[in-house]
Amino acid sequence: MNVKPLARPQAVASSTERTVTILGATGSIGASTVDLLKRERARFRVVALSARRNATALARLARELDARYAVIADPNAYRELKDALAGSGIEAAAGEDAVIEAAERPADWVMAAISGSVGLKPTLAAIERGATVALANKECLVCAGALFMRRAAATGATILPVDSEHNAIFQALGAGRREDVRRIILTASGGPFLKWSREAIAAATPQQALQHPNWSMGPKVTVDSATLMNKGLELIEAHHLFALKSQEIDVLVHPQSVVHGLVEFRDGSVVAQLGAPDMRIPIAHCLAWPQRIAGPSPRLDLARIATLTFEQADLVRFPALALARSALEAGGAAPTILNAADEVAVAEFIAGRIGFPAIASLVEATLAAAAQRGLMAEPASVEAALGVDHVARSLALDLLPEIAAKAS
Ligand SMILES: NC(=O)c1ccc[n+]([C@@H]2O[C@H](COP(=O)([O-])OP(=O)(O)OC[C@H]3O[C@@H](n4cnc5c(N)ncnc54)[C@H](OP(=O)(O)O)[C@@H]3O)[C@@H](O)[C@H]2O)c1
């Protein structure tokens, strides 16, 4: 097994102030990060915050956290941001390059929580300057994982996994030597349709898919949890983070979302991380790592929960998981194409233009069309990955009418 250390431990003295930047500050992960920072004001100083177009919320957060720099990706929202920050002394900027510049400004720790492949360039900018990057944006590893891990190794950047399952694995891996790991298990809640029949799932509405039973998250990742594509993307993420092969990464459906990840060592010991389903737990772990800070999340009451259950994922009702595993095993550009097609499909589903089963169908058809056109070579740079992403999106949009018609 080719297992390598995930990160270089860096000592953080409790008296030392840590400077932090949040990319995607106005989102769900951003809000959890902000909540923790507000409780630990003496330990952290905020350098930069970014958002896409929610200028009012961004300006409020920048004022509350006393940030130095606030950046909005959409230039049309610049005036609103500038006005909202008037008199605060906080520098404002707009545009995609300004988001990258926010990541480049010296901060010890960067939360990468922009949603989607648009997060690749700013996250890579933080990695290139050797920062500690708390990685929520799984698309970085799905679309260009080998490149991100290579650049982190070259620059000395530390990547800390924010996704609760990967954070759990990261913590559990501390119990033994990497070469003694037999396999890891990522748990999946199963989403809102876990007990639904295939027919009922076929008629699921966006509103139903956006109701996650355990986690409160942004819309894209919530729909991905309903299709189990999220778990598929996490397989790919785990492959890169922990240098594990597909057959060394298992998935188990665990509807209570209490056990987040497990590591099986070769002596038969299985070490797990447990916690309430609250993203502030893995984020707090990343914020203070390698130390710990007091967290506001509810304490785990196992006696009250009483029963923890586990089952295999049903790949017939949830074909997206099998598609993602195939993309991981195919390698090359397949995961990048999978991700791009899924972003298109989920947006179309949320907009009410395609049905729920069409999400997986569109991803499958896009992968097939890309393979036919010989687009499967591994992207060697972020620009190449974004080029593949772009082509895959237009392929998916071209295939959309056919897929929508088939499904109706
Ligand atoms: N939410 C979770 O519990 C969770 C768990 C594990 C992993 N993740 C991953 O973490 C990432 C963020 O998820 P989320 O649920 O926090 O998403 P979200 O709630 O949709 O928030 C996305 C954030 O990114 C910003 N953003 C979106 N498009 C942008 C662009 N083009 N340029 C710059 N900023 C942009 C948004 O700004 P505006 O508010 O202005 O739109 C917002 O601040 C995703 O990759 C997701 O898969 C999330």
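What follows draws every value from the coordinates through simple rules; no lab data is involved. Being a predicted model, the structure only gives us computed values, none of them experimental. Cβ: placed from backbone, ideal geometry, glycine included. Neighbour counts: every protein chain shown.
Candidate cross-link partners of Lys231 among the aspartates and glutamates, defined by an alpha-carbon separation under 18 Å and a same-chain spacing of 8 or more, comprise Glu139, Asp163, Glu165, Glu248, Asp250, Asp278, Glu311, Asp314, Glu329, Asp342, Glu343, Glu364.
Over the chain, Cα pairs under 8 Å with separation of 6+ residues give a relative contact order of 15 percent. The residues packed around Leu58, meaning those with a beta-carbon under 15 Å from its beta-carbon, carry a net charge of +1 if Lys and Arg are +1 and Asp and Glu are -1.
Springs between Cα atoms under 10 Å define the GNM used for the chain, and in it the highest mean-square fluctuation of Asp108, Asp278, Asp301 occurs at Asp301. When the chain is treated as a GNM with alpha-carbon contacts under 10 Å, the residue of Leu160, Leu300, Leu395 showing the greatest mean-square fluctuation is Leu300. Electrostatic tally near Asp97: other residues with Cβ closer than 14 Å to its Cβ, Lys and Arg +1, Asp and Glu -1, net -2. Computed over the chain, the P(r) curve from all C-alpha pair distances, binned at 20 Å from the origin, holds 28, 60, 12, 0 percent per bin. Our note on the geometry: Cα centres of segment 184-232 and segment 256-291, 21 Å apart. Overall, segment 331-407 carries a charge dipole of about 180 debye about its Cα centre when +1 sits on the Cβ of Lys and Arg and -1 on the Cβ of Asp and Glu, all other atoms neutral.
Sorting 181-188, 241-248 by average packing, meaning the other beta carbons within 10 Å per residue, from highest down gives 181-188, 241-248.
Sorted from greatest to least, the principal axis extents spanned by the alpha carbons of segment 244-326 come out as 41, 30, 29 Å. Residue exposure proxy: Met229, Met217, ordered by other Cβ atoms within 10 angstrom of their Cβ from fewest to most, comes out as Met217, Met229. Maximal additional length on extending the Ala322-Leu210 stretch stands at 38.1 nm, based on 0.36 nm per residue less the C-alpha distance.
Available extension along the chain between Arg150 and Ala303 is 50.7 nm, counting 0.36 nm per residue and deducting the alpha carbon span.
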